[in-house]
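Student: Okay, here's the structure, questions in a sec.
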Amino acid sequence: MVSNCGALNTRMRPRLPLAAKRPFGVPWHRRPGRTQLRSIPFWASSSASRCPSEPRLVLVFCASRDQAHRGETLESESLEARQASTNEGKKFAGVTGEEEAMYVITGATGNTGGVVAERLLAEGEKVRVVGRDSERLERFTQNGAESFIADATDAGALTKAFAGAKAVYAMIPPNIASPDVRAYEESVSDALRAAIEEDGIKYAVVLSSVGADKSHGTGPVAGLHSLEKKLEGTPGLNALFLRAGYFMENLLPQAGVLKSIGSLAGPVKADLPLPMIATRDIGAFAAEALSKLDFVGKSTHELQGPRDVTYAEVAKIVGAAIGKADLAYNHVPAAQLKPVLMQMGMSSNMADLLLEMADALNSGHMKMRELRSPANTTPTTLETFVAEIFLPAYRGKASRA
């Protein structure tokens, strides 16, 4: 989903994206870079601009981050050279007919896309991972994946990347430095639609977000609404839109907040129930859907995490884990946050959209549409996430302070 996040961070770092229809059989292992702090939008996720390395107080929230997905701005320099060196000479299934059809994963270096790729590779499937940095794709190529360097807005490159694919995992990487974020999102969704149509892709699992049912008033999530509509109009495509909840990974920047001000803080109301979900569960559900390919036509599927949680409850769970029983969460009015967000490297437009999204969450304009059920409930609890992911990150930050 766009996972809606609210978080304060003392340092912005480029990072490190169901109830399962069956129990998840592959245990979660933390991999290099998995616990790096990040605070960019989920929808994705995963890309943020580099920011000054000195500590500073930063508040960020997301609407579906794989919207989480690692942060990096869309830099065009040397991309063509990297495309040539990485892609030239490769034989693709759809071009040569010599290779077995494969799965193509966009956003493979992000929180959800990485899990999708890892799961499918573990099942012995042929996988092509798409990204902008060949070095960040190496962990997949070392396990047998094929890599393809492409800009998410380049329809021609994506058409080549999707050649021969029997199914695609599609998402919009965030670009927080863009002066016009919605225009950027439209460029990516146009490129995805064009590539899918040109290659005649039959199946796509698409990362979307809570709030994607709304056409406006949801900040950057409106771009996911547009993506859904474009792919809904693509003939011959079976598409499953995963409207994921608030990423638990968006709590990681709170480790820096704790060190800085001794409490948690953010733009979301303290008593607002949020469908918090671990991105590993989104990736696991997406991988299973791609493996089965049992969806027909166009459909949405919400992923709501194990239960709804408020930030007041988050403070209690984190406080118990770090031995601070009186840990509190402070709601910071959105109007006070724009200068801080821009100091972090966001464009004025992106900051405005994120503040709009926080207002949409607080007002109820953005919310899950389905009743909670075994089909949209996922296994990783917040207590498990805090113990396995948040606590090591917090201890690491405290030791470096």
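Student: Could you pull out the residue among Pro253, Pro267, Pro275, Pro235 that is surrounded by 24 or more Cβ atoms within 10 Å (Cβ to Cβ), over 27 Å from Glu118 (Cβ atoms) and not hydroxyl-bearing (Ser, Thr, Tyr)?
Tutor: Pro267
Student: Follow-up. Can you confirm whether Ala191 is more than 21 Å from Leu355 (Cα to Cα), within 22 Å of the chain's Cα centre (by Cα), aliphatic (A, V, I, L, M) and at pLDDT 95 or above? Don't jump to the end; show me each part of the working.
Tutor: On the way: more than 21 Å from Leu355 (Cα to Cα): yes; within 22 Å of the chain's Cα centre (by Cα): yes; aliphatic (A, V, I, L, M): yes; at pLDDT 95 or above: yes.
Yes: the conditions hold for Ala191.
Student: Which one of these does Ile172 not meet: (1) closer than 30 Å to Val340 by Cβ; (2) out of contact with any Gly (no Cβ under 7 Å at 6 or more places or on another chain); (3) not acidic (Asp, Glu)?
Tutor: Condition not satisfied by Ile172: (2).
Student: Let me ask you something else. Could you run through the stretch 341-354 and say how many residues are more than 12 Å from Asn175 (Cα to Cα) and surrounded by fewer than 20 Cβ atoms within 10 Å (Cβ to Cβ)?
Tutor: Qualifying residue count, the stretch 341-354: 4.
Student: Sticking with this one: Can you spot a residue in the stretch 184-194 that is within 20 Å of Glu228 (Cα to Cα), assigned to a helix (DSSP H, G or I) and of a type in the set (Phe, Trp, Tyr)?
Tutor: Within the stretch 184-194 (the criterion being within 20 Å of Glu228 (Cα to Cα), assigned to a helix (DSSP H, G or I) and of a type in the set (Phe, Trp, Tyr)), the answer is yes, since at least one residue qualifies.
Student: Taking Ser215 as meeting all but one of (1) within 24 Å of Ala117 (Cβ to Cβ); (2) of a type in the set (S, T, N, Q); (3) surrounded by fewer than 21 Cβ atoms within 10 Å (Cβ to Cβ), write down the number of the exception.
Tutor: So Ser215 meets the others, but not (1).
Student: Can you tell which of Ala321, Ala255, Ala315 is at pLDDT below 95 and not in a strand (DSSP E or B)?
Tutor: Of the residues listed, the single one that is at pLDDT below 95 and not in a strand (DSSP E or B) is Ala255.
Student: Another question, if that's okay. Please verify whether Lys229 is assigned to a helix (DSSP H, G or I) and more than 30 Å from Arg193 (Cα to Cα), treating the condition exactly as stated. If you could, list the steps in order and put the result at the bottom.
Tutor: Working: assigned to a helix (DSSP H, G or I): yes; more than 30 Å from Arg193 (Cα to Cα): no.
No: the conditions fail for Lys229.
Student: Considering (1) under 23 Å from His331 (Cα atoms); (2) surrounded by fewer than 22 Cβ atoms within 10 Å (Cβ to Cβ), say which one Phe385 fails and leave the rest.
Tutor: The number of the failed condition is (2).
The values are calculated or read from the model by the stated rules, or taken from the named source; none is laboratory data. Keep in mind that this is a model prediction, so the values were computed, not measured. Neighbour counts run over all protein chains shown; Cβ positions are idealised from the backbone, glycine included.
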